[in-house]
Amino acid sequence: MKVYLDNAATTPLDPEVFEAMRPLMTEKFGNPSSIHSHGREVRSLIEVSRKTVSELLNTSPSEIFFMSGGTEADNTALLCSVESLGIDHIITSKLEHPAVLRTAESMEKKGVELDYVQTDGSGNILLDHLESLLKKGKNSLVSLMHANNEIGNLVDLTEIGGLCREYGAKFHSDTVQTIGHLPHDLQSLPIDFIVGSAHKFNGPKGIGFLYIHHETKIHQFVQGGSQERNMRGGTENVYGIVGLAKALEISYSGMADHRKHMEGLKKRMITKLQREIPDVWFNGESADFDKSLYKVLSVSLPETAGNEMLLFNLDINGISASGGSACASGSNIGSHVLTELDTDPNRPVIRFSFGKDNTEEEVDYVVDKLSEIISVGV
Ligand code: PLP
């Protein structure tokens, strides 16, 4: 049996999405910047896709910019805010994705003040501390992810965005893990930038988007032609854009059902793990259905379970998941997220992340194999 439980890393391409992309890889090959009919035909598909995305997110097409993925969109939001808006203070957390952390660190080297908002032992953002950082009264940009990719912890975008507005700060959220999985109403969210990546919601890899609020004006990060209304140079990834829009449409139409299904799988896994593996824990808020994204479960196993060998043994049993542990002292290869939590750095961690096509049988198989591997000792 082969089981894929690593859907926070990437998801399989939906066959319907592939069919929507196919004509752009074959007969519709024009360059969307060309003014002849071959170009115009492809240009119009890009604009239809932009309209689809903006309608699903309840915003205007002029606020959606396609780019190569979540990483580029995060980089653009941070770097270009500093350069275009005179941001002199970035507030983020130590639990962010490297696309944000590395960019914020590079801005610090250029003289921007960098503060990390404190988190509690379960990885929740401490809002009082965020407010005290905002009170420094600088020209701040707050960057806090919507759902953490390792432990699933969610933040309340409305609450944080409200606080940012109160202090005149810009607000960026890396929403890569939640786009296509939770609804976003951009008309009512107090936010300047959000980010999407198609391969996290059964779309193609190498394509994503940045939403920029219409009152927030930044210049382009990738310099070049005037594509994407001067916000991103380079010939558009046209089949990616069409695929992204189709994948988002499918995600929205099935969102409630997919959510219910994946919550059921997560519940089943938690219950079965607790029954079969004594001393199992769940990291962060990942076992709390209100405080974490339903597709992520971060499992902390007894120290005796070994570490690298555990993932290897799952792999030879056909199970794909992500591994990790907190950085133990003297080691620099652990997870920067788990290190921030109240957790034992010596315990091995496996992140299981569910997709809409996973089944209960797969969950049962995985827990059975895992407890077998642990009881034999690795
Ligand atoms: N941000 C988060 C939270 C992610 O999980 C990822 C992907 O792993 C990214 C950003 C990067 O997205 P992309 O792979 O589209 O560059």
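Some values worked out for this structure:
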read-out	value
Filter pass, Ala287 being outside any helix (DSSP H, G or I), without any contact (Cβ under 8 Å) to a residue 60 or more places away in the chain and at negative phi	yes
Unique match (being more than 22 Å from the chain's Cα centre (by Cα), of a type in the set (Asp, Glu) and within 30 Å of Glu236 (Cα to Cα)) among Glu105, Glu63, Glu83	Glu83
Per-region count, region 23-51, residues outside any loop (DSSP other than H, G, I, E, B) and touching a helix residue (DSSP H, G or I) at 6+ places or on another chain (Cβ under 8 Å)	10
Pair list, Cβ < 8 Å and 6+ apart or interchain, from region 108-136 residues that are part of a helix (DSSP H, G or I) to residues that are aromatic (Phe, Trp, Tyr) and open to solvent by 60 Å² or more (accessible area, probe 1.4 Å)	Glu131/Tyr167; Leu134/Tyr167
Residue match in region 43-64 (condition: out of contact with any Lys or Arg (no Cβ under 6 Å at 6 or more places or on another chain), more than 27 Å from Asp174 (Cα to Cα) and charged (D, E, K, R))	yes
The lone exception for Thr271 - which of (1) in contact (Cβ under 8 Å) with a residue 12 or more places away in the chain; (2) under 27 Å from Val376 (Cβ atoms) it fails	(1)
Filter pass, Val142 being at pLDDT 95 or above and more than 17 Å from Phe209 (Cα to Cα)	yes
Answer residue from region 52-94, given it is part of a loop (DSSP other than H, G, I, E, B) and within 16 Å of the ligand (Cβ to nearest atom) and is surrounded by the most Cβ atoms within 10 Å (Cβ to Cβ) among those	Ser93
Test: residue in region 305-318 that is more than 21 Å from Leu95 (Cβ to Cβ), outside any helix (DSSP H, G or I) and touching a helix residue (DSSP H, G or I) at 6+ places or on another chain (Cβ under 8 Å)	yes
Residue match in region 20-30 (condition: more than 16 Å from the ligand (Cβ to nearest atom), of a type in the set (S, T, N, Q) and open to solvent by less than 50 Å² (accessible area, probe 1.4 Å))	no
Scope region 205-226; condition touching a helix residue (DSSP H, G or I) at 6+ places or on another chain (Cβ under 9 Å) and either within 14 Å of the ligand (Cβ to nearest atom) or closer than 30 Å to Met25 by Cα (or both); matching residues	Lys205, Gly206, Ile207, Gly208, Phe209, Leu210, Tyr211, Ile212, Gln220, Phe221, Val222
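Here is a yes/no grid of residues against (1) within 12 Å of the ligand (Cβ to nearest atom); (2) of a type in the set (Val, Ile, Thr); (3) touching a strand residue (DSSP E or B) at 6+ places or on another chain (Cβ under 7 Å):
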{"position": "Asn139", "(1), (2), (3)": "no, no, yes"}
{"position": "His146", "(1), (2), (3)": "yes, no, yes"}
{"position": "Gly161", "(1), (2), (3)": "no, no, yes"}
{"position": "Cys164", "(1), (2), (3)": "no, no, yes"}
{"position": "Val176", "(1), (2), (3)": "yes, yes, yes"}
{"position": "Asp185", "(1), (2), (3)": "no, no, no"}
{"position": "Leu189", "(1), (2), (3)": "no, no, no"}
{"position": "Ala198", "(1), (2), (3)": "yes, no, yes"}
{"position": "Gly203", "(1), (2), (3)": "yes, no, no"}
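Yes or no, residue by residue, for (1) surrounded by fewer than 21 Cβ atoms within 10 Å (Cβ to Cβ); (2) at pLDDT 95 or above:
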{"position": "Lys272", "(1), (2)": "yes, yes"}
{"position": "Pro278", "(1), (2)": "yes, no"}
{"position": "Asn283", "(1), (2)": "no, yes"}
{"position": "Ser286", "(1), (2)": "no, yes"}
{"position": "Met309", "(1), (2)": "yes, no"}
{"position": "Ser325", "(1), (2)": "no, no"}
{"position": "Pro345", "(1), (2)": "yes, no"}
{"position": "Ser353", "(1), (2)": "no, yes"}
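The values are calculated or read from the model by the stated rules, or taken from the named source; none is laboratory data. Only a predicted model underlies this, so the values are computations on that prediction, with no experimental measurement involved. When we count neighbours, we look across all protein chains shown, and the Cβ atoms used for this are built from the backbone with ideal geometry, even at glycine. Surface accessibility is based on the protein's heavy atoms, side chains included, excluding ligands, DNA and RNA. Shrake-Rupley method; radii C 1.70, N 1.55, O 1.52, S 1.80 Å.
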